[in-house]
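Visitor: Quick one: structure below, then a few questions.
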Amino acid sequence: MPETASTTRAPDALLPSLAPLLHEWLPRQRWFAGKGRRVTGFTLDAATELLPLDGAGPGLLHLLVRVEQPGRPADTPADCYQLLLGVRTQLPPRLAPALIGRIRQGPLAGRAVYEGLRDPRLAGLLYERLRTPGRTGPLHFHATTALPPALAPRMLDAEQSNSSLVYGDSFILKIFRRVSPGANPDLELPLALAGAGCARVPAPVAWFESGAATLGVLQPYLRDSRDGWRLALDALADGRDFTAEARALGRATAEVHLALAEALPTRRLDRAETEQLAAAMDRRLHAAAQAVPALLPFVPGLRAVFEAAGGASGDGFVQRIHGDLHLGQTLRGSDGGWAVIDFEGEPAKPLDERRSPQPTVRDVAGMLRSFDYAARTHRPWNAEWAARSRAAFCTGYAEASGADPRTDPALLRAYETDKAVYEVVYEARHRPDWLPVPMSAIERLSTPQ
């Protein structure tokens with residue numbers, strides 16, 4: 001496809017005309033990471049007309065916008081967000097919920113601006129662009145295979161840090177909203193796993209980027225699968241044991257770790273690095289206790305957990321891992337097989353940190369916490385269900401990897417504690433009714449074994 005202009009015809013006037021609308025709309029989006037801090041300004045990194053903004057429309061405008069907010073360290077850049085904006089003279093009633101607002105001045109004055117991903121025509125255009133590798137302005141589109149034409153799009157509403165489009169129940173396109181320079185792990189790791197022959201992760205079939213930043217990844221959509229979180233809740237509601245599923249999930253997780261170790265470098269974790277890991281956990285605990293005073297009575301016991309990990313032998317290894325593993329990041333197919341998805345890691349953390357090699361027990365700890373979360377949603381609290389599921393997961397992991405994560409109890413306990421501390425802060429800020437779930441784990445983990 002021939003290259004088109006990378007900016008609109010009046011780029012200097014575009015952002016000022018959009019700014020009043022973005023001030024209102026951006027903070028309301030679930031994927032906006034700067035909630036609770038006022039927006040003080042915007043900077044335009046790039047503007048690309050994926051569909052020219054001529055006539056009545058629709059036009060599709062791709063923007064990379066930096067959002068200025070107070071409280072950011074002076075040596076770090078402002079967060080950059082990817083926006084795909086539809087532009088029309090008149091917005092059809094069916095697209096009314098997608099409206100951002102009408103522009104009052106500038107090159108698009110009088111036109112309606114809306115969330116372009118909710119317009120099937122514009123979402124379809126993005127898929128067609130992925131089918132034809134090449135450049136459009138600063139955007140570079142890639143594909144590993146020929147894609148079928150004209151698949152009907154629909155936007156998924158169950159979104160958090162990103163946005164997702166499903167095309168004809170065949171493919172799913174994840175649009176990264178908060179973008180950083182460098183390969184996103186959600187592209188990098190599935191590509192590496194595909195190269196290693198690991199079938200536990202859907203292989204990317206297309207993606208697009210700008211410079212070094214990954215913007216979106218297209219993968220097969222596993223339409224006959226159900227996510228592990230929902231399966232666990234259903235088992236609890238029906239009074240069913242979950243150990244067979246948990247054991248199989250443990251084996252699948254180990255297979256992913258083994259494939260990542262084969263495809264990407266690993267190295268030994270020395271004693272000094274183990275001490276550094278424990279010290280970082282202790283710092284996070286200190287900050288969390290300042291934010292959530294309910295943690296304060298448990299701080300001495302929790303610090304003892306981290307001290308025990310820091311004093312461990314440090315003879316393990318670090319490698320690339322999932323980084324944010326829990327039941328909601330897994331899918332079980334109709335054949336009973338498990339798949340692992342969403343390798344982005346914790347989006348709030350810097351990209352360099354998410355791409356750094358880490359002990360595999362961090363992923364294991366994340367899954368153990370997820371079993372506990374699932375069991376805590378059930379009334380009455382089913383402690384035995386959680387304990388059996390946790391043990392079965394570790395057993396399955398050991399069967400596939402040859403290494404039982406429970407043989408390094410100090411480090412595993414430290415990572416589970418670190419995760420629980422993170423959960424306390426998250427729930428206190430976003431879901432106070434859920435705070436008792438991680439606090440019960442804090443009480444357990446702070447008690448000497």
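The values are calculated or read from the model by the stated rules, or taken from the named source; none is laboratory data. Every value quoted in this text rests on a predicted model; they were computed, and no experiment measured them. When we count neighbours, we look across all protein chains shown, and the Cβ atoms used for this are built from the backbone with ideal geometry, even at glycine. Side chains are part of the model used for accessible areas, which takes the heavy atoms of the whole protein and leaves out ligands, DNA and RNA. Shrake-Rupley method; radii C 1.70, N 1.55, O 1.52, S 1.80 Å.
Visitor: From the list Arg121, Arg72, Arg135, which residue is in contact with an Asp or Glu (Cβ under 9 Å, 6 or more places away or on another chain), open to solvent by 50 Å² or more (accessible area, probe 1.4 Å) and either in contact (Cβ under 8 Å) with a residue 60 or more places away in the chain or part of a strand (DSSP E or B) (or both)?
Guide: Among Arg121, Arg72, Arg135, only Arg135 is in contact with an Asp or Glu (Cβ under 9 Å, 6 or more places away or on another chain), open to solvent by 50 Å² or more (accessible area, probe 1.4 Å) and either in contact (Cβ under 8 Å) with a residue 60 or more places away in the chain or part of a strand (DSSP E or B) (or both).
Visitor: Go through the residues of region 211-228 one by one and say whether even a single one is among the charged types (D, E, K, R) and closer than 23 Å to Leu147 by Cα.
Guide: For region 211-228, residues among the charged types (D, E, K, R) and closer than 23 Å to Leu147 by Cα: present.
Condition check ((1) without any contact (Cβ under 8 Å) to a residue 24 or more places away in the chain; (2) outside any strand (DSSP E or B); (3) open to solvent by 20 Å² or more (accessible area, probe 1.4 Å)) across all residues:
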| position | (1), (2), (3) |
| --- | --- |
| Leu14 | no, yes, no |
| Leu18 | no, yes, no |
| Leu21 | no, yes, yes |
| Gly34 | no, yes, no |
| Arg38 | no, yes, yes |
| Phe42 | no, no, yes |
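Visitor: Can you tell which of Val67, Val87 is under 21 Å from Tyr127 (Cα atoms) and either among the polar types (S, T, N, Q) or assigned to a strand (DSSP E or B) (or both)?
Guide: Val87
Visitor: Would you be able to say whether some residue in region 94-102 is among the charged types (D, E, K, R), more than 21 Å from Gln160 (Cβ to Cβ) and modelled with pLDDT under 95?
Guide: Checked region 94-102: no residue is among the charged types (D, E, K, R), more than 21 Å from Gln160 (Cβ to Cβ) and modelled with pLDDT under 95.
Visitor: Still on this structure, I have one more. Among the residues of region 346-363, what is the count of those that are open to solvent by less than 40 Å² (accessible area, probe 1.4 Å), outside any loop (DSSP other than H, G, I, E, B) and of a type outside the set (S, T, N, Q)?
Guide: Count: 4.
Visitor: Given the conditions (1) assigned to a helix (DSSP H, G or I); (2) within 24 Å of Leu156 (Cα to Cα); (3) not acidic (Asp, Glu), and given that Ala194 satisfies all but one, which numbered condition is not satisfied?
Guide: (2) is the only condition that Ala194 fails.
Visitor: Being in contact with a Lys or Arg (Cβ under 8 Å, 6 or more places away or on another chain), closer than 29 Å to Pro185 by Cα and not β-branched (Val, Ile, Thr) is true for just one of Ala365, Ala374, Ala410. Which residue is that? Reasoning before the result, please.
Guide: On the way: Ala374 fails: in contact with a Lys or Arg (Cβ under 8 Å, 6 or more places away or on another chain); Ala410 fails: in contact with a Lys or Arg (Cβ under 8 Å, 6 or more places away or on another chain).
Unique residue meeting the criteria: Ala365.
Visitor: Consider region 412-428. How many of its residues are open to solvent by 30 Å² or more (accessible area, probe 1.4 Å), within 13 Å of Asp372 (Cβ to Cβ) and either aliphatic (A, V, I, L, M) or in a loop (DSSP other than H, G, I, E, B) (or both)?
Guide: Matching residues across region 412-428 total 0.
Visitor: Turning to a different aspect of this structure: Tell me which residues, restricted to region 331-340, are open to solvent by 40 Å² or more (accessible area, probe 1.4 Å) and touching a strand residue (DSSP E or B) at 6+ places or on another chain (Cβ under 7 Å).
Guide: Arg332
Visitor: Moving on. Would you confirm whether any residue within region 403-411 is at positive phi, free of Cβ contacts under 8 Å to residues at least 12 places away in the same chain and open to solvent by 20 Å² or more (accessible area, probe 1.4 Å)?
Guide: Among the residues of region 403-411, not one is at positive phi, free of Cβ contacts under 8 Å to residues at least 12 places away in the same chain and open to solvent by 20 Å² or more (accessible area, probe 1.4 Å), which makes the answer no.
Visitor: Quick one: count up the residues across region 229-253 that are more than 16 Å from Gly396 (Cα to Cα) and either part of a helix (DSSP H, G or I) or open to solvent by less than 40 Å² (accessible area, probe 1.4 Å) (or both).
Guide: Qualifying residue count, region 229-253: 10.
Visitor: Something else about it: Scan (1) modelled with pLDDT of 95 or more; (2) open to solvent by less than 20 Å² (accessible area, probe 1.4 Å); (3) within 26 Å of Glu443 (Cα to Cα); (4) hydrophobic (A, V, I, L, M, F, W, C) for the single condition Val256 breaks and write down its number.
Guide: Result: Val256 passes all but (3).
Visitor: Looking for something aliphatic (A, V, I, L, M), open to solvent by less than 60 Å² (accessible area, probe 1.4 Å), at pLDDT below 95 and over 30 Å from Asp224 (Cα atoms) - is there at least one such residue anywhere in region 294-307?
Guide: Let us first name the residues in region 294-307 that are aliphatic (A, V, I, L, M), namely 294-296, 299, 302, 304-305.
In the following step, the residues that additionally are open to solvent by less than 60 Å² (accessible area, probe 1.4 Å) were identified as 294-295, 299, 302, 304-305.
Right, trim to at pLDDT below 95 and you get none.
No, there is no match, as no residue in region 294-307 is aliphatic (A, V, I, L, M), open to solvent by less than 60 Å² (accessible area, probe 1.4 Å), at pLDDT below 95 and over 30 Å from Asp224 (Cα atoms).
Visitor: Identify the residue in region 143-177 that is surrounded by fewer than 18 Cβ atoms within 10 Å (Cβ to Cβ) and of a type in the set (D, E, K, R) and, among all such residues, is farthest from Gly34 (Cα to Cα).
Guide: Here the answer is Asp169.
Visitor: Related question: Run down Gly366, Gly323 and say which single residue is on the phi > 0 side of the Ramachandran plot, touching a residue at least 40 places away in the same chain (Cβ under 8 Å), of a type outside the set (D, E, K, R) and crowded, with 19+ Cβ neighbours inside 10 Å.
Guide: The match here is Gly323.
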